[in-house]
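Please read the structure below before turning to the comments.
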Amino acid sequence: MDARGCKLWVEKVWAPYVAGQSNSVLLLAESKGHLQGPFNRQLADMGTEVAVISGGYTCVLQPYDVGINKPLKDALRAQYDTWAAVQMVDLRPDQNVPVSRREDIVPMLANARYGITSQSIRDTFASIGYGVRTVVSTSGDSRSGSDDAVDSIGDELLSISL
């Protein structure tokens, strides 16, 4: 994204999202656009601290992106397409295409999240060398791969990523 695109993104997407908050953190991949002074100053002026993911970490983070974010985005896109098709049924050529609101998107996102299984979360983390192998309960018995524990971990991780 060039400087103009970064500026527009901050104004149209980020600024409304953080409005009314005294501070925020934005995690970005390392790229030329994200490292530009004007972009970072614009974010700093609204109380946003930028944290940059250094190059070379893609191999560690990509499994999460492929195993969790992609299915989430695919499910969200399918729901949005259905919503958009319904909105455009009676649309005349002289009318603008309806624009979704946060109130439309949030339920779609919640539904998309619940489509991600505990097994896909386990598989994603196992692919990078991490995984829930054994859960030790307070009563002393061990269970292999407790779905409750994995679902709880998945909820926390997905809450962070959203």
Taking residue 12 as the anchor, which lysines have their alpha carbon closer than 21 Å to its alpha carbon, excluding any fewer than eight residues away along the same chain? 32, 73
Using the number of other C-beta atoms within 10 angstrom as an exposure proxy, rank 104, 81 with the fewest first. 81, 104
Net +/- balance of residues flanking residue 108 in space, Cβ distance below 13 Å, scoring K and R +1, D and E -1: +1
Among 93, 76, 64 the positive-end extreme of the charge dipole of the stretch 57-103 (Cβ point charges): 64
Is the shape of the stretch 1-119 rounded, prolate or oblate, going by the alpha carbon gyration tensor and its root eigenvalues a ≥ b ≥ c, with a/c under 1.5 for rounded and a/b larger than b/c for prolate? oblate
Give me 72, 8 ranked fewest to most by other Cβ atoms within 10 Å of their Cβ, as a rough exposure proxy. 8, 72
For 123, 2, ascending order of other Cβ atoms within 10 Å (fewest first) is 2, 123
For the stretch 3-53, the charge dipole (Cβ of Lys, Arg +1; Cβ of Asp, Glu -1; about the Cα centre) points to a positive end, and the Cα of 3, 18, 53 closest to that extreme belongs to 3
What whole-number distance in Å separates the alpha-carbon centres of the stretch 5-28 and the stretch 105-120? 24
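Quick note: the coordinates plus some simple rules give every number you see, no bench work behind them. In this text the structure is predicted, and so the values were computed from the model without any measurement. Ideal geometry is used to build each Cβ from the backbone, glycine not excepted, and the neighbour counts take in all protein chains shown.
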